[in-house]
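Data block below; observations after.
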Amino acid sequence: MSFQHTYVVIMAGGVGTRFWPFSRQTYPKQFHDVLGIGRTMLQMTFDRLADICPPENVYIVTSQEYYALTKQQLPQLSDHQILLEPSRRNTAPCIGYACYKIAARDPEANIIVTPADHLILKEKEFTDRVKVALQATAESDILVTLGITPTRPDTGYGYIQFDGLAEKEVKRVKTFTEKPHLELAQAFLESGDYVWNAGIFVWNARSIRKAFESYLPELHTVFERLEKDYYTEQEVLELLEIYPLCQSISIDNGVMEKAQNVHVVLSDIGWSDLGTWKSLYEVSEKDENDNVIDGHIVTHNTTGSIIKTPKERLVVVEGLSDYIVAEFDNVLLICPKDKEQKVKEFVSDASKRGAHFV
């Protein structure tokens with residue numbers, strides 16, 4: 001199939017608080033080289049779609065304050081490809097804005113939507129799965145999501161139930177379930193017809209516009225009103241005025257859970273949303289003591305820990321087991337791995353000491 005009508009929307013506007021002190025208001029997780037490999041999460045996301053979509057068809061939606069970071073990390077993008085939200089309004093307005101802008105240029109557009117800060121270890125498999133979805137959305141007006149084969153009863157992810165009877169690769173979705181409790185997650189895992197919701201979507205411009213018109217009519221009106229201004233200087237001015245009035249709602253709540261034409265492509269792609277320090281620990285290479293080390297670090301009697309500190313500082317760690325040690329921009333976090341859910345509390349405490357700490 002031809003990919004000249006293929007476009008990518010990368011959502012890069014979140015802050016990722018659970019990755020504090022690395023992820024900060026002024027420098028969120030997607031702009032960091034989280035894995036210590038010389039590419040940031042945003043750059044890795046851009047790279048993995050290079051075989052599917054030409055660079056001029058990639059659009060980044062981010063916050064106004066991250067324009068410089070985006071431009072610095074992806075200098076090949078022109079300004080009209082960097083969409084700046086005047087305020088955070090969850091994923092539905094962000095996706096709507098990008099898809100309507102793309103549709104104004106190319107009504108035949110076939111669009112992939114992906115977060116900027118997820119890890120995908122099996123990149124070739126990812127490419128194959130996305131191409132299956134693109135083929136389906138090129139042929140029919142359906143909304144497709146990638147469903148990740150679950151490896152454990154995780155309560156931190158949303159789940160998608162699919163119709164397991166059909167042999168087709170693109171399966172009809174029956175239900176969406178927000179983060180379930182442990183017993184329910186266990187039951188989902190055992191049933192075999194549930195997958196994790198990765199928040200990666202594929203659809204054509206027609207079908208997503210129809211979906212907004214049906215289920216989010218107010219947003220449809222806003223982005224249709226902008227039609228004459230897309231790709232002009234007027235776009236930013238209009239957006240400043242109307243974007244803050246947009247309803248703050250996720251694409252899952254606003255569209256996917258309501259639409260009747262939702263399908264899923266089952267995907268075993270080595271996916272993690274890298275939402276927490278523990279998830280980074282799990283996917284990273286360990287040394288002989290099961291430590292994940294990134295920095296100028298000497299360890300003694302230390303096991304099962306993740307230590308990520310500035311390269312120019314020598315850090316010596318003695319006697320820690322299953323800890324997070326993370327330092328960035330004058331903030332040092334030392335915390336047991338199993339207490340990482342308290343990071344949001346720490347951020348709240350830090351904000352009282354000064355805005356520059358968060």
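The values are calculated or read from the model by the stated rules, or taken from the named source; none is laboratory data. Remember, predicted model here, so these are calculated numbers, not experimental data. Using ideal geometry, Cβ is built from the backbone for each residue, glycine included, and neighbour counts are taken over all protein chains shown. Keep in mind that these areas ignore ligands, DNA and RNA; they rest on the heavy atoms of the full protein, side chains included. Shrake-Rupley method; radii C 1.70, N 1.55, O 1.52, S 1.80 Å.
Here are a few things to note about the model shown:
- Based on the Stokes-Einstein relation at 25 °C and a viscosity of 0.890 mPa s, and on the Kirkwood radius from alpha carbon pairs, region 1-149 is assigned a translational diffusion coefficient of 155 µm²/s.
- For region 272-339, applying the loop criterion from DSSP together with a ceiling of 10 other beta carbons within 10 Å to the GluC sites (Glu not before Pro) yields 285, 288, 312.
- The loop-placed GluC sites (Glu not before Pro) in region 172-277, going by DSSP, that have at most 14 neighbouring Cβ atoms within 10 Å of their Cβ come out as 178, 233.
- The angle between the Cα long axis of helix 205-215 and the longest principal axis of the Cα atoms of the chain comes to about 90 degrees, rounded to the nearest 10.
- When the alpha-carbon atoms of region 125-203 are used, the pair Rg, Dmax equals 12.9, 39 angstrom.
- Accessible area of region 246-358 divided out per residue, in Å², using a probe of 1.4 angstrom: 52
- Square roots of 5 times each gyration tensor eigenvalue, C-alpha, the chain, largest first, Å: 35, 25, 19
- For the pair residue 314 and residue 184 in one chain, pulling the backbone fully straight at 0.36 nm per residue adds 42.2 nm over the alpha carbon distance.
- 222 nm mean residue ellipticity, helices alone, for the chain (DSSP H n ≥ 4; -39,500 (n - 2.57); rounded to 500): -8500 deg cm²/dmol
- Calculated FRET efficiency for the pair residue 33/residue 339, C-beta based, R₀ 25 Å, to 0.05: 0.45
- Helix 182-191 vs. the chain, principal-axis angle (Cα, 0 to 90°, nearest 10): 60
- Using alpha-carbon coordinates, inclination of helix 343-353 to the longest axis of the chain, degrees: 80
- Region 149-261 - Rg (one decimal) and Dmax (whole number), Cα, Å: 17.9, 54
- Relative to the current alpha-carbon distance between residue 356 and residue 25, full extension at 0.36 nm per residue lengthens the span by 118.3 nm.
- As a fraction of the 1.4 Å probe accessible area of the chain, surface on carbon and sulfur atoms comes out at 50 percent.
- Longest segment of the chain lacking trypsin sites (Lys or Arg not before Pro) that sit in a DSSP loop with at most 16 other Cβ atoms within 10 Å: 169-257
- Full-extension gain in nm, residue 300 to residue 278, via 0.36 nm per residue minus C-alpha separation: 5.8 nm
- Rg(Cα)/(2.2 N^0.38 Å) for region 1-41, N = residue count: 1.56
- Multiplying each eigenvalue of the alpha-carbon gyration tensor of region 183-331 by 5 and taking the square root yields semi-axes of 44, 25, 12 Å, largest first, rounded to whole angstroms.
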